[in-house]
Structure formats: structure tokens, C-alpha cells
1. If ALA51 meets every condition in (1) part of a helix (DSSP H, G or I); (2) in contact (Cβ under 8 Å) with a residue 12 or more places away in the chain apart from one, which number is that one?
2. Of the residues GLY39, GLY32, which is assigned to a loop (DSSP other than H, G, I, E, B), under 22 Å from ILE125 (Cβ atoms) and open to solvent by less than 30 Å² (accessible area, probe 1.4 Å)?
3. In segment 89-101, is there at least one residue being in contact with a helix residue (DSSP H, G or I) (Cβ under 8 Å, 6 or more places away or on another chain), charged (D, E, K, R) and farther than 30 Å from GLN215 by Cβ?
4. For segment 223-241, how many residues meet the condition of being closer than 27 Å to ALA190 by Cβ and modelled with pLDDT of 90 or more?
5. Where in segment 89-198 are there strands (runs of 3 or more DSSP E), lying wholly inside it, with at least 2 residues that are at pLDDT 95 or above, open to solvent by less than 40 Å² (accessible area, probe 1.4 Å) and within 30 Å of GLY15 (Cα to Cα)?
6. Give segment 202-232 a look and list any residue that's of a type in the set (A, V, I, L, M, F, W, C) and surrounded by 17 or more Cβ atoms within 10 Å (Cβ to Cβ), or say none.
Amino acid sequence: MTDPLACISPDDLPGLAQAAWRHGARHCLACGGYHRVWGVLRAAGLNGGLASDEPALAPRIAAALDPGARVLVAGAADPALLDLVVRAAAGMPLAITVADLCRTPLEVIGQLPPYVGIVVKTLKIDLAELDHKARWDLILSHLMLAHVPPENRIEVLSRLRRSLAPGGRLVLVARTVRDEVKAGAAGDQAAWTARTLARLAAAGIPPPGAPSEFQALLERYAAHRTDRLWNLATPEAIADVLTAGGFEVEDVARISRANRAPDEADDKARYVFVVR
């Protein structure tokens, strides 16, 4: 029998999905089972956005690092962001803390084998309560703000700004969403669930537990998709929110997507911001 607490490679997506499913049975409370579903979708290649974002993210992360840098990963669905920082560092020693409101991804990270020269810690916290002062040389945020209630976003950003060390940077990925896209998603929940189940079956990814339990969580995941499609339709609107949080925008770039022409319309375009 496989040891459920054995080390799991960050590249073992089915293994990470199983670990998240198991830990989530106990810890996925605030997220409503989000992390129990996320790993399964990623294992099937249905939410691989970070992979396509990496060419834009990795050089910006590397540019913000020096040996011994202190890094905060602000929100993490799984170990992918941690692993991206480690690879971008290219052997540079770092101290990385991964923070999330839900303990599930933090427990999964605890099952990774140690990284050479990297100190990894985890922190269960609501970022609206973060009270660090001048601590982090780099903060990485990937689509996290869309999970924050609109009324709390400026507070979260203000706290992240205060937690940056002098000369530190926040590297943030956010996406623009048009109103009609959000409206369409609200009426597509049942169809989205059916499509996703079919795509999981086609990919040969079985439910990690009882099929009925997984489908119920997938339906809950679908019901909250519109909550994660926020109301910022332009990169300028995102920049305004960052500015309101006390940041100064240094760099912003639209992230190219595979098989999409640069000038092709994109209902959910992603942008990477470097701010200080």
C-alpha cells in the first residue's frame, strides 16, 4: 500500500491531486472544497494557465531575486507557484513562505521533497490580516485577487505593500473579464460541469474518491466560477486598484497564449504586473 504521507514530486500531478483530495477532506473549509477539485482539473490539463504564463513570469521573478531573498507566495492552489520560484532562481538560495487561507495546499506542499538551498515554510492566513512589515523582497501573486471579496481588495494590497522590504517587488498576474463573459458563465454551470466530467473521462483521470462526492464538489466549484470572474475589464482598471493599494506600477505586459494571435480578441486576457 502506498504511504499517503510519502514525498510527492511537484511534477506528479495525479499524486498531488490525490494528496489534495485526502487533505481537503479535513481542511477544505473556508474554500468549500476548491482545492480538492483543483488538483484533479490540473492533472487532466484543464486549468494549466500557469504553464502558459511561465515564459512571462519566470524572467520577472528572476530579476527580483538575489541570493538569500525572502519570498512570499501570496495564495497558492497547489505547489506550482513555489516550484516556479525555485526554478526561476536557478540554484540561488532562498527563503520562501507560501501563504493561503486554506490549509490543504499547505499540507500538500509539506509532502514535497526538500529543495536544495531553499528554506520552505507555510503560513495559513487570511491576507486581509497580514501584519508583516518590510519583510519580503519578492511577493508573487497569481490570480489571487479574484478570490478576494471586492470590499477587501484594497486592504489586502495595502497590507502586501507594507510587507515589502525596501527595494522589494510584487509580481502579480491578473486577468481582465468582460461583463458579458461573466454573465454567460452564470448561465452555464450545469453545462460546464457536464463538459468537465466528459473531459476528465477522456483524459483518463478518474474521480479521486466516490464519484457522487466528486461531482457534488465539482458542481459547487462551477457555482462559484462567476465569483472568480471579477469586475475589472481592462489592465488600466487593474493598475488603478494596485495604485489604490499603495503600489507604483513599473511594468505591465499582456501574457501571450498558445495558438492565439497577438491581436486576437481575448475575453479573459491575462496581464503580469511588476509593482513596488
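The values are calculated or read from the model by the stated rules, or taken from the named source; none is laboratory data. Please read all numbers here as calculations on a predicted model, not as lab measurements. Counting neighbours? That spans all protein chains shown, and the Cβs are built from the backbone with ideal geometry, glycine included. Areas reflect the complete protein model, heavy atoms only, side chains present, ligands, DNA and RNA absent. Shrake-Rupley method; radii C 1.70, N 1.55, O 1.52, S 1.80 Å.
1. Of (1) part of a helix (DSSP H, G or I); (2) in contact (Cβ under 8 Å) with a residue 12 or more places away in the chain, only one is false for ALA51: (2).
2. Values: GLY39 fails: assigned to a loop (DSSP other than H, G, I, E, B).
So the residue among GLY39, GLY32 that is assigned to a loop (DSSP other than H, G, I, E, B), under 22 Å from ILE125 (Cβ atoms) and open to solvent by less than 30 Å² (accessible area, probe 1.4 Å) is GLY32.
3. The answer is no, given that none of the residues of segment 89-101 is in contact with a helix residue (DSSP H, G or I) (Cβ under 8 Å, 6 or more places away or on another chain), charged (D, E, K, R) and farther than 30 Å from GLN215 by Cβ.
4. 0
5. It comes to 94-100, 136-142, 164-175.
6. Selection gives ILE205, PHE214, LEU217, LEU218, ALA222, LEU229, TRP230, LEU232.
Each row is one residue, and each column tells you yes or no for (1) within 15 Å of the chain's Cα centre (by Cα); (2) open to solvent by less than 10 Å² (accessible area, probe 1.4 Å); (3) of a type outside the set (A, V, I, L, M).
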| position | (1), (2), (3) |
| --- | --- |
| ALA6 | no, no, no |
| LEU13 | no, no, no |
| GLY24 | no, yes, yes |
| ALA44 | no, no, no |
| ASN47 | yes, no, yes |
| LEU50 | yes, no, no |
| ASP66 | no, no, yes |
| ALA76 | yes, yes, no |
| VAL85 | yes, yes, no |
